[in-house]
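S.K.: Here it is, the structure, as structure tokens.
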Amino acid sequence: MDSKQIILIKFGERVREIRKEKGLSQEELAHKADLHRTYIGMIERAEKNITLLNIEKIANALEVNIRELI
């Protein structure tokens, strides 16, 4: 597994962890972040290489600093 894939897996796991801590469904997070529900699922499963802009949207929706997602 290459380092790019490892980064995506760690990021997705962290998004899922924080989302669950906050009691949000994927659909609720997607709505708050103005993203599609399936996109959130793909991020959590490390199937999508997310952009910096969408990282910021997710961090804002989760009410965390971007650094907490890394």
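S.K.: Where the accessible area of the chain is counted over protein heavy atoms with a 1.4 Å probe, how much of it, in %, is carbon and sulfur?
M.R.: On the way: 2430 of 4800 Å².
Solvent-exposed carbon and sulfur of the chain make up 51 percent of the total.
S.K.: Rolling a 1.4 angstrom probe over the protein chains, ignoring ligands and nucleic acids, what is the accessible area of residue 64 in square angstrom, nearest 10?
M.R.: 20 Å²
S.K.: I need the Debye-formula profile for the chain: one equal scatterer per C-alpha, no solvent, reported as log10 I(q)/I(0) at q = 0.15 1/Å, two decimals.
M.R.: -0.40
S.K.: Another question, then. Given a 1.4 Å probe, how much area per residue of the chain is accessible, in Å²?
M.R.: Values: 4800 Å² over 70 residues.
With the other protein chains kept in place, the chain gives 69 Å² per residue.
The values are calculated or read from the model by the stated rules, or taken from the named source; none is laboratory data. Just so you know, these numbers come straight off a predicted model, no measurement behind them. Areas reflect the complete protein model, heavy atoms only, side chains present, ligands, DNA and RNA absent. Shrake-Rupley method; radii C 1.70, N 1.55, O 1.52, S 1.80 Å.
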